[in-house]
1. For the range 248-263, what are the residues that are in a helix (DSSP H, G or I), small (Gly, Ala, Ser) and either surrounded by fewer than 16 Cβ atoms within 10 Å (Cβ to Cβ) or modelled with pLDDT under 95 (or both)?
2. Take ALA65 and decide whether it is in contact with a strand residue (DSSP E or B) (Cβ under 8 Å, 6 or more places away or on another chain), in a helix (DSSP H, G or I) and aliphatic (A, V, I, L, M).
3. Taking the range 314-342 only, how many residues are touching a helix residue (DSSP H, G or I) at 6+ places or on another chain (Cβ under 6 Å), in contact (Cβ under 8 Å) with a residue 60 or more places away in the chain and of a type in the set (Gly, Ala, Ser)?
4. What number of residues within the range 157-190 are of a type in the set (Lys, Arg) and surrounded by fewer than 20 Cβ atoms within 10 Å (Cβ to Cβ)?
5. Please go through the range 280-315 and give me each residue that is farther than 17 Å from LYS269 by Cα and aliphatic (A, V, I, L, M), ordered by number.
6. What are the pairs with Cβ atoms under 9 angstrom where one residue, in the range 108-133, is on the phi > 0 side of the Ramachandran plot and the other, located anywhere, is in a helix (DSSP H, G or I) and surrounded by fewer than 17 Cβ atoms within 10 Å (Cβ to Cβ)? Sequence gap at least six, or different chains.
7. Name every residue in the range 147-164 that is among the hydroxyl-bearing types (Ser, Thr, Tyr) and either outside the structural domain of PHE137 (by TED's automatic domain parsing) or in contact with a helix residue (DSSP H, G or I) (Cβ under 6 Å, 6 or more places away or on another chain) (or both), in order of residue number.
8. Could you grab me the full set of residues in the range 206-251 that are over 20 Å from the mean Cα position of the chain (by Cα) and of a type in the set (Gly, Ala, Ser)?
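The values are calculated or read from the model by the stated rules, or taken from the named source; none is laboratory data. Being a predicted model, the structure only gives us computed values, none of them experimental. As a convention, Cβ positions derive from the backbone with ideal geometry for all residues, glycine included, and neighbour counts pool all protein chains shown.
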Amino acid sequence: MKIARVEVYGYDLHYIHGTYVMSGGREVAALPSTVVRLVTDEGAEGWGEVCPLGTTYLPAFADGARAAIRAMAPALLGADPRHLGPVNDRLDGALAGHAYAKSPIDIACWDLLGQAAGCPLTVLLGGRRQDRYPLYFAVPLGTPADMAAYTAARRAEGIHRFQLKVGGRPHEDFARVRRVLEATGDDDVVIADANGGWALQDAIVAARLLDPLPRVYLEQPCATLEECLAVRRHTTLPMVLDEVITDVPSLLRAAAAGGLEAFNLKISKVGGLTKARLLRDLAESLGLRVTIEDTWGGDLVTAAVSHLAASTSARALFTVSFMNDWVKEHLCGYEPRSHAGIGQAPSGPGLGVRVDRALLGSPLFSAAA
């Protein structure tokens with residue numbers, strides 16, 4: 001089996017609840033997503049998707065993904081997509097860095113591998129360890145009343161894990177978290193996520209204010225690992241890291257410093273399923289828990305997330321996000337689909353979803369052997 005054609009498509013994803021707001025005035029209503037289709041000499045097709053969360057969340061953006069894929073596409077032609085190591089070697093040989101742009105290619109290769117093996121990716125990623133797992137929903141930054149109302153609405157839909165966007169003035173953030181706690185129950189999880197938006201001094205004030213509250217986790221208070229470690233010395237809240245965990249060395253540094261109990265494993269941030277599986281397995285060995293998700297995306301991103309989550313032990317899995325619950329557009333018939341706050345992985349071979357190519361239109365560009 002050889003890759004004979006690489007096609008790249010683009011479409012826009014709109015946030016289902018209007019505007020998504022994070023710290024630092026970052027707002028999202030719609031985002032361009034990039035889809036990769038790999039076609040083999042045998043006529044099989046594999047799919048992957050990447051959708052960076054704007055241009056200021058991480059060193060990643062949609063036009064960058066597309067330019068990087070254009071640069072790497074010729075190196076893929078003639079490669080056997082089932083041999084994931086050599087494929088990733090080709091990508092690294094064609095372009096240094098840009099892990100997020102390599103992610104949809106890696107996922108598309110996994111899709112082809114699963115189809116060739118006749119089994120879902122869950123099996124290839126370690127085996128199905130969970131049939132069902134809990135999902136979380138992010139609560140956009142707003143007034144305490146608005147955030148509590150949003151939380152209550154999602155809770156009525158079956159969600160019991162909430163990631164609250166904070167990172168403003170510490171006392172206002174404290175009011176936000178306290179109000180959301182009042183809108184939730186003892187079995188609900190509340191994560192105060194600053195997305196690295198606090199200055200160190202404000203983060204310490206916020207952590208001290210939040211420390212006495214029940215059921216609260218603190219996520220990525222500051223932009224750097226060093227700052228997050230400084231905050232950790234002033235609080236007993238369990239720490240979740242996100243933006244600073246990008247690869248094995250960064251995870252090992254954070255773990256060696258005692259800087260976290262859990263981290264967010266975003267598939268595109270680390271370069272695809274190949275590296276995400278490695279980080280997941282390392283986390284289990286280190287006794288850490290993972291949230292499995294991505295920066296943003298639709299059905300294809302969600303399918304990849306679903307298989308990695310299903311092959312993760314319940315002990316190591318903190319929570320999961322099905323990004324297609326957050327957006328209006330659906331390339332695969334809104335599959336995989338959550339039910340009352342619970343996710344499952346598809347049972348079909350590969351990603352286990354079928355793309356409606358008519359929704360994508362013509363490719364932005366392509367490369368062929």
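1. At the first step, the residues of the range 248-263 found to be in a helix (DSSP H, G or I) are 248-256.
Retained after the next criterion (residues that are small (Gly, Ala, Ser)): 250, 254-256.
The answer is ALA256, and nothing else.
2. Working: in contact with a strand residue (DSSP E or B) (Cβ under 8 Å, 6 or more places away or on another chain): yes; in a helix (DSSP H, G or I): yes; aliphatic (A, V, I, L, M): yes.
Considered against the rule, which asks whether it is in contact with a strand residue (DSSP E or B) (Cβ under 8 Å, 6 or more places away or on another chain), in a helix (DSSP H, G or I) and aliphatic (A, V, I, L, M), ALA65 comes out as yes.
3. Residues meeting the conditions: 1.
4. Step one: filter the range 157-190 for residues of a type in the set (Lys, Arg), giving 161, 165, 169, 176, 178-179.
If we keep only those that are surrounded by fewer than 20 Cβ atoms within 10 Å (Cβ to Cβ) as well, we get 169, 178-179.
Adding up the residues that qualify gives 3.
5. If the condition is that a residue be farther than 17 Å from LYS269 by Cα and aliphatic (A, V, I, L, M), then LEU286, LEU288, ALA310, ALA314 are the ones that fit.
6. Partner pairs satisfying both residue conditions: GLY126/ASP281.
7. First, pick out the residues of the range 147-164 that are among the hydroxyl-bearing types (Ser, Thr, Tyr): 150-151.
Across the range 147-164, the qualifying residue is only THR151.
8. As a first pass, look at the range 206-251 and keep what is over 20 Å from the mean Cα position of the chain (by Cα): 206-216, 226-238.
If the condition is that a residue be over 20 Å from the mean Cα position of the chain (by Cα) and of a type in the set (Gly, Ala, Ser), then ALA206, ALA207, ALA230 are the ones that fit.
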